[in-house]
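One structure below.
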Amino acid sequence: MSKAKTAGEKAANTAETALENGAAALKTGLEKALKGYDAVLGYGKETAEAVMKSATVAGKGVESINSEIYSYSKQSIEDSVAATKAVMGSKSVHEAFEFQTDFAKSAFESYVAELSKISELTTAATKDAFAPFKGRVQAWLDVVQSSRTA
């Protein structure tokens, strides 16, 4: 009976050790999972903040572009009305042709300058809108790497 008791105690000790090892491994695994979960949540929060900043900057960029287009359109209409009055008030066909030619040249130069200005505003607004996302890819890689090494 002592051999049976010893074998039983051995089996009980082995089972107890296995249970303790399993519980420790489970605890370690859960701690790693929670740590990774916290890192992903932190990344998600920071990314959401970057999206909000980007949307705000993009909205301001669109607003400035619209303002510039409105100002140009208003000035263009005023210039067209003034040119039409000048052409209608001309004393000869030659004078009317000169007014019309000068207006066409001026209008084209103004248009090209405005396109350049709008292009610069668009480029600046796009660059500023994407600035909050700078580093988000590296941050994600850091999260993934830290979860692999943990």
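The values are calculated or read from the model by the stated rules, or taken from the named source; none is laboratory data. No experiment lies behind these values; they were computed from the predicted model shown. Here the Cβ positions follow ideal geometry from the backbone for every residue, glycine too, while neighbour counts run over all protein chains shown. Keep in mind that these areas ignore ligands, DNA and RNA; they rest on the heavy atoms of the full protein, side chains included. Shrake-Rupley method; radii C 1.70, N 1.55, O 1.52, S 1.80 Å.
Here's the yes/no breakdown for (1) open to solvent by less than 50 Å² (accessible area, probe 1.4 Å); (2) of a type in the set (S, T, N, Q):
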{"residue": "86", "(1), (2)": "yes, no"}
{"residue": "94", "(1), (2)": "no, no"}
{"residue": "111", "(1), (2)": "no, no"}
{"residue": "128", "(1), (2)": "no, no"}
{"residue": "137", "(1), (2)": "no, no"}
{"residue": "146", "(1), (2)": "no, yes"}
Exercise. For region 29-51, what are the residues that are open to solvent by less than 90 Å² (accessible area, probe 1.4 Å) and either farther than 19 Å from residue 143 by Cα or among the aromatic types (Phe, Trp, Tyr) (or both)?
Worked result: 43
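Quick check, is residue 98 out of contact with any Asp or Glu (no Cβ under 8 Å at 6 or more places or on another chain), surrounded by 12 or more Cβ atoms within 10 Å (Cβ to Cβ) and of a type outside the set (Phe, Trp, Tyr)?
Values: out of contact with any Asp or Glu (no Cβ under 8 Å at 6 or more places or on another chain): yes; surrounded by 12 or more Cβ atoms within 10 Å (Cβ to Cβ): yes; of a type outside the set (Phe, Trp, Tyr): yes.
For residue 98, the condition - out of contact with any Asp or Glu (no Cβ under 8 Å at 6 or more places or on another chain), surrounded by 12 or more Cβ atoms within 10 Å (Cβ to Cβ) and of a type outside the set (Phe, Trp, Tyr) - is met.
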Exercise. Which residue pairs have Cβ atoms under 6 Å apart, sit 6 or more places apart or on different chains, and have a first residue in region 131-150 that is in contact (Cβ under 8 Å) with a residue 60 or more places away in the chain and a second that is polar (S, T, N, Q) and surrounded by 13 or more Cβ atoms within 10 Å (Cβ to Cβ)?
Worked result: 132/54; 136/47
Exercise. Identify, please: which residue in region 113-126 is open to solvent by 70 Å² or more (accessible area, probe 1.4 Å) and without any contact (Cβ under 8 Å) to a residue 12 or more places away in the chain and is, among those, farthest from residue 62 (Cα to Cα)?
Worked result: 115
